[in-house]
Structures are given as structure tokens and as C-alpha cells.
Amino acid sequence: MRYCKTVFPVLCFLMLTFALPCTILKHDVPFSSMAGAATPDTGVQLPATIAVLPFTIHASEDISHIQQGVVHMLHSRLSWPDRVRVVPRRQVAAVVQKLNGADKHQVIQQVAHQTDSNLVLIGSITRLAGSFSIDAMVYDMENKRHMAFFEQSKNSDELIDKVGRIAAGINKQVFDRSTIAWEKIEQERQARINELKRQNPENLMQNPRWQQQDDSPGWKIWKYLF
């Protein structure tokens, strides 16, 4: 009898200990809210609208034609029927013109508000000694986060390919959309990994997951900026 009195409370404790976490997982958070939740590693919910601002130019000569070409290319590459709408350039330009003198963060907020955009894409093109650097930043207004993209071009002939790579990265990492350009980037990345594994097998022994690291930094929170 004394044995039963001792064992029964222990059994009850064990049952409660293992059953409680299961109850929390099943009932505390509805499935629908979990499916719609945004995390730093997920894309945005579709359909979405993105506004592409004119890129800032850093160059000693006039390369406005390159600026226009980059924005035009991003428009065509990011547009996705019924899923991603890119705000017309004239509409964005009209808003930006009214914000002359405003700082970058005010411009981002106002463009998003006045064009009813979920996302705002800004960027810059820097020319130095014949080479080009392209920086782009996508701001997710609802989730208060941003993602950076960067490419370098040795000359103007490579610009189309480099802008295409940025567009492919945005499509995949922001909208979870695979494209031929993204598949090519992934193949190149895997080839680099295989080459590094062949040249430096000690890295694999020291850190088995090193080859899984992504080149992109992913989403970063920027709530403190506003």
C-alpha cells in the first residue's frame, strides 16, 4: 500500500511534465497565425507591391542612361503577374519630386504610403576607374526589416548580367521565386563550395556546416530607424 502511495504521485508528475508541452504546441498558437507569421528568414506574403526608387549615382561623369537602364531592368525582372506588382516609374517619380530635401527614411516611408507599397527598393551605382558597384536595399515596410544586395562589374558590358543577378536574388530571397538566373547563381555557388572543399578539406572537419552558409546576410530589423 505504501508503495502505491509513493508511485502514484510520481506517475502523475511525469504525465503532466510530458503532456504539458504538447498541449501548448497544439492549442496555444492557432495554425493560421503561425502560417502568416513573418520571421527574419522568410519571404514576404504575396501578392505584394514594390516601389523602385531611382538609384543614386556616384560618378564623375553623366551616367544617367545607366541609372535609367538599371531601374527599367529591375521593373521587368521583378514584375510577376498576380503576385508582384511593380509601381510605375512615373508614379514613383511624382512622389519623389515632391519630397525634395527629405532624408532617405522619410522618402521611403512616404513613397510606400503614397503608392500603397509593401516594399521599397532603393540603391546606388558607383563608378570608379571604369568599374561599377551596384548596391540595392529592399525595405519590408510591414515587418520593419531590410535586405541588402551587392554586385560589382569590371566594365559597363557586365552591368546587365550583374543587375540580373541582383534581381534574381530579390526574386528568390524576398518573394521565394526561383528563376533561371537564380539557378545559375546557385550552380556557381555550389561549384565554389566544391572547389573549396577540394582545396581545404580541413574546413569540413572543423566545421561540418561551413559549406551551407549563405552569401546573403538575410533580413535585418530596422525598427529603430523610424
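If you check S60, S79, S64, S124, which single one turns out to be touching a Phe, Trp or Tyr at 6+ places or on another chain (Cβ under 9 Å) and among the hydroxyl-bearing types (S, T, Y)?
Numbers: S60 fails: touching a Phe, Trp or Tyr at 6+ places or on another chain (Cβ under 9 Å); S79 fails: touching a Phe, Trp or Tyr at 6+ places or on another chain (Cβ under 9 Å); S64 fails: touching a Phe, Trp or Tyr at 6+ places or on another chain (Cβ under 9 Å).
Testing whether each residue is touching a Phe, Trp or Tyr at 6+ places or on another chain (Cβ under 9 Å) and among the hydroxyl-bearing types (S, T, Y) leaves just S124.
One residue stands out in segment 114-126 among those that are in contact with a helix residue (DSSP H, G or I) (Cβ under 8 Å, 6 or more places away or on another chain) and not polar (S, T, N, Q): the one that is surrounded by the most Cβ atoms within 10 Å (Cβ to Cβ), namely L121.
Looking across segment 142-158, just one residue is under 29 Å from R85 (Cβ atoms), without any contact (Cβ under 8 Å) to a residue 60 or more places away in the chain and either in contact with a Gly (Cβ under 8 Å, 6 or more places away or on another chain) or surrounded by 19 or more Cβ atoms within 10 Å (Cβ to Cβ) (or both), and that is S153.
Hey, among R209, R198, R192, which residue is among the basic types (K, R), modelled with pLDDT under 70 and surrounded by fewer than 13 Cβ atoms within 10 Å (Cβ to Cβ)? Break it down stepwise before answering.
Working: R198 fails: modelled with pLDDT under 70; R192 fails: modelled with pLDDT under 70.
Within the list R209, R198, R192, the selection yields R209.
Sort out which residues of segment 118-139 are farther than 26 Å from R83 by Cβ and polar (S, T, N, Q), and write them in order of number. Answer for segment 118-139, where residues must be farther than 26 Å from R83 by Cβ and polar (S, T, N, Q): S124, T126, S131, S133. Looking across segment 45-61, the residues that are of a type in the set (G, A, S) and either modelled with pLDDT of 95 or more or closer than 13 Å to V120 by Cβ (or both) come down to A48, A51.
Identify, from the list A94, A102, A129, the residue that is closer than 30 Å to E61 by Cα, without any contact (Cβ under 8 Å) to a residue 60 or more places away in the chain and exposed (fewer than 12 other Cβ atoms within 10 Å of the Cβ). Talk me through it step by step, then tell me what you get.
Values: A94 fails: exposed (fewer than 12 other Cβ atoms within 10 Å of the Cβ); A102 fails: exposed (fewer than 12 other Cβ atoms within 10 Å of the Cβ).
Selected residue: A129, the only one of A94, A102, A129 that is closer than 30 Å to E61 by Cα, without any contact (Cβ under 8 Å) to a residue 60 or more places away in the chain and exposed (fewer than 12 other Cβ atoms within 10 Å of the Cβ).
The values are calculated or read from the model by the stated rules, or taken from the named source; none is laboratory data. Worth saying up front: this structure is predicted, and the values here are computed from it rather than measured. Reconstructed Cβ throughout: ideal geometry from the backbone, glycine too, with neighbour counts over all protein chains shown.
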